[in-house]
Structures are given as C-alpha cells and as structure tokens.
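The values are calculated or read from the model by the stated rules, or taken from the named source; none is laboratory data. Computed from a predicted model, the values in this text were never measured in an experiment. Cβ placement follows ideal geometry from the backbone for every residue including glycine, while neighbour counts extend to all protein chains displayed. These area figures cover heavy atoms from the full protein model, side chains too; ligands, DNA and RNA do not enter into them. Shrake-Rupley method; radii C 1.70, N 1.55, O 1.52, S 1.80 Å.
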Amino acid sequence: MNQAGLHLLLTRSSCGLLQAPAPSGDVLEHILQAGLRAPDHGHLQPFQFLLAEGEGLQRLGRLLATSAKQDGAADEVIERAQQMPLRAPMVITVVAKVHSHNKVPEFEQHLSAGCAVMAMQMAAQAQGFGGMWRSGPLMYSRALHEALGLAEQDQIVGFLYLGTPATALRQPTLVASADFVRWL
Ligand SMILES: Cc1cc2nc3c(=O)[nH]c(=O)nc-3n(C[C@H](O)[C@H](O)[C@H](O)COP(=O)(O)O)c2cc1C
C-alpha cells in the first residue's frame, strides 16, 4: 500500500496564511504537472494556469480592481480586490479552457479544471508548501475574463494561493463517512 499517498489524501488541508518563498523550479513544475494529471474526458486538456508572483501579483490586483469597478462594485470592494492577491507570494488563476466537443460537455471540462486545482494544492502540500483555493464573484466577471484575455467559453474555476505556510497546517478531523453514504 502507498501509505504516503493515502496519508496526503487524508490530511489535505488548506492554509490561508502564506509567506515567501513561493514554490519555484522543480517544486513548481511538479505542482503544474500534478494539475495537468487531472482526469480529463477526451484528453481535451481544458487547462490554463495564469501564474502571478512579485510584480505579477500587483498586476493581478490591478486587473481585479479594474474589473470590480467595471462591474459596478462599491469602493471598498474595489480596494479589497486590489489587495487580494497580496495575501500570498504566488497566485495561480486556474482557467477551464473549454473546447466545443460533441461528447464532453462544458460542465465536465469545468470539473477537470477544478480537479487540477486540488491536485496542485496537494502537490504543494506534498512538497512542504501550502495552498488555499479561493474564489469570489470576480471569478465570473466578464470584465476580468476579458482583461485576462480569456475566450467567451472559458471559465475561471479558482484562484490558488500558494506559498510557505506561516502556521502549522491544520490536522483535519475525519468525519463519519456513513453520514454521506447511501448504498444502492
Ligand atoms: C471552488 C471553491 C472555492 C472556494 N473559495 C473560497 C474563498 O473564496 N474563500 C475561502 O475562505 N475559502 C474558499 N474555499 C474553501 C477553502 O479552499 C477551503 O477548502 C476551506 O477553507 C476548508 O479548508 P480545508 O480545505 O483545509 O478543509 C473554496 C473552496 C472551493 C472548492
């Protein structure tokens, strides 16, 4: 049995308090490769990872703020949007690059991209880093999609904040599986 693999699955945990350094080099490559191993009906590879660190985080913040403004958000929301990416040394905006396909609906391609987010978070954890999957209304903002150069059918499925955990990862308490199961 692969105990380490099982342990990672059972202890996956988000970390919202992230500091430098961000994953880089081989570690980052493993994270991206883990994302690209997400289940993918039809091998459509409906993934795009928009990486931001350093100045890129400032640029992402400005895009979020401008998009929030275009969407008519209140001033404090616009200000908060600008600061959001600065909560970690790296943010990966994960996009479902949706392909038109007669057998693979859009929804399945969104699921694939979502699986990629979790796989990347777990690959980060496996290598001693931490991550947090975040979202918010801007994920669905046409203005942001356009600012990021996304196509009409594309969908952001998450902002994966990555970095070095500033606190110990929470040890999750396992819940009773029976509460979620019904045998057919
Ligand atoms: C699609 C998606 C979007 C999420 N968006 C947010 C978010 O914007 N802010 C937040 O605090 N948590 C968000 N979460 C939840 C966290 O990523 C995390 O799962 C939660 O805090 C529970 O922690 P755990 O993963 O360690 O169990 C989101 C989760 C998913 C799956």
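Results, tabulated for the structure shown:
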item: Leading residue at positive end of dipole, the stretch 1-78 (Cβ point charges), from LEU6, GLN45, SER67; result: LEU6
item: Between the stretch 112-138 and the stretch 50-86, the Cα center-to-center distance that results, in Å; result: 20 Å
item: Overall form of the chain per C-alpha gyration tensor (a/c, 1.5; a/b vs b/c); result: oblate
item: Rounded to the nearest 20 debye, dipole of the chain from Cβ charges on Lys, Arg, Asp, Glu; result: 320 debye
item: Sparsely packed trypsin sites (Lys or Arg not before Pro) within the stretch 74-115, loop by DSSP, other Cβ within 10 Å at most 14; result: LYS103
item: Residue-averaged [θ]222 nm for the chain, counting only DSSP H segments that reach four residues, each worth -39500 (n - 2.57); result: -12500 deg cm²/dmol
item: With all protein chains modelled, accessible area of ARG12 [1.4 Å, Å²]; result: 80 Å²
item: Length-normalised contact order of the stretch 39-184 in % [C-alpha pairs under 8 Å, at least 6 apart]; result: 28 percent
item: Qualifying chymotrypsin sites (Phe, Trp or Tyr not before Pro) in the stretch 101-184, DSSP loop, other Cβ atoms within 10 Å at most 11; result: TRP183
item: Other-chain or far-sequence residues with amide H under 5 Å of GLN48's (modelled H); result: VAL95, LYS97
item: Radius, Kirkwood style, for the stretch 1-58 when every pair of distinct Cα atoms is counted (Å); result: 14.3 Å
